[in-house]
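A.B. asks: Below: one structure in structure tokens.
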Amino acid sequence: MKKLNRYILIGITSLIFIGSFLIPKTNAQPWPYDGANTERIPEFSVYPSEWYVLETSYLGMPQNHSIIEIGGAIINDTFNGMTSWLPYYGTFTNGTVISFNVATWNMTDDDPFWVPGVPDDAIYWNGTAYLAIGAMLVPINESTGTVTEDILDSFVYYMDATFTEMTGSPFEHKAVYPNIYSIALWNTSNNAQIYMNFTADGILQKQESYNTMYAGNMTLYSRPAQLAPVFSFTTDTGELELDTTDLTLNMTITDADNNNDQETDTDYLYRIHNGAGWTDWAAPTSQIDCEIAATTAGDYDILIEVKNMYGTTQEQITITYTPPGDGEDIIPSYPIAIISLVAIFSVSLIILKQSKKLRL
């Protein structure tokens, strides 16, 4: 197993990975995982904690799965380009550096084997220069929110330089397809090829690499869904016509694994609008106490929002509130004593009029 893991590590780090380089930490802003409050890494469409899983085969060995786990990022970091073969020289500042971890396992393993010794800092982008130990995440233009042709050009240029360093010669053919956000590099002589396709906002949705360098074959197996929560709620009895303003709500959040880390999501926050205003964000539970801001009979909307790091979903139910006793009293808003006095006064007037008629 150790020998297999060693070969796989060699394959992963040689397909589109370059040798180690120095990225010293200077004045920088960490971009860590922060539960439901985690934000997208600037200039990329990835979030800390996400898993991209690749299906790989190396050197005639059985098929394996390899994980790229996004660890976090450093914003406004500095990169000192020290590798002589790269087309980028000198010091690069104000860039985004993404770190990730690597794991691999074959189909018979129960748990992934996290590869030790892989450099923490994996991808650097400063708006012009793209450098990476793993070239699988494409930057986006923050002003447009999309992958642009010049970004794809930089991406292909870097990958070709990597291939040239590893094999001694560049790819024979290179192409950028900006309308479908794709790139391709291939050789006709040995059938080596790399094809990658992204969504408009830079999410890797297809990768196919064959006979490249020393790594064998690699395809994208799974990626994060990146979806906002799906949930529903109702009263604990299921009834929507009530005579109380103090409610218990049952809330169900649909199980999901939106960051693709092989575990059901648990990091959610929720808040309620009860007719008077929103509550503070809090960790959700299956049952929620809620008091609607109702003073008179009528329909009242209850809104709940649930968020994860990918977005916020809002659902609503309408409660028909009838105050206790409504429909039983003749005039519920007046005390019985007043009603009685009015009735006595009315009867007295009738008797008085009848008396006058009799005298006449």
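The values are calculated or read from the model by the stated rules, or taken from the named source; none is laboratory data. Keep in mind the model is a prediction, meaning the values are calculated, not measured. Cβ sites come from the backbone with ideal geometry, for glycine too, and all protein chains shown count toward neighbours.
A.B. asks: For the stretch 261-286, give me each residue that is under 21 Å from the mean Cα position of the chain (by Cα) and hydroxyl-bearing (Ser, Thr, Tyr).
C.D. replies: Across the stretch 261-286, the qualifying residues are Thr264, Thr266, Tyr268, Tyr270, Thr285.
Per-residue answers, yes or no, for (1) under 23 Å from the mean Cα position of the chain (by Cα); (2) modelled with pLDDT of 60 or more:
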site: Lys2; (1), (2): no, no
site: Phe17; (1), (2): no, no
site: Pro24; (1), (2): no, no
site: Pro30; (1), (2): yes, yes
site: Arg40; (1), (2): yes, yes
site: Ser45; (1), (2): yes, yes
site: Leu54; (1), (2): yes, yes
site: Met61; (1), (2): no, yes
site: Ile68; (1), (2): yes, yes
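Listed here are the residues, each with its yes/no results for (1) surrounded by fewer than 16 Cβ atoms within 10 Å (Cβ to Cβ); (2) within 30 Å of Tyr221 (Cβ to Cβ); (3) at pLDDT below 95.
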residue	(1), (2), (3)
Asp267	no, yes, no
Ala276	yes, no, yes
Asp289	yes, no, yes
Ala294	no, no, yes
Asp299	yes, no, yes
Thr312	yes, yes, no
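A.B. asks: Could you list all residues from the stretch 106-131 that are assigned to a strand (DSSP E or B) and at pLDDT 75 or above?
C.D. replies: Ile123, Tyr124, Trp125, Tyr130, Leu131
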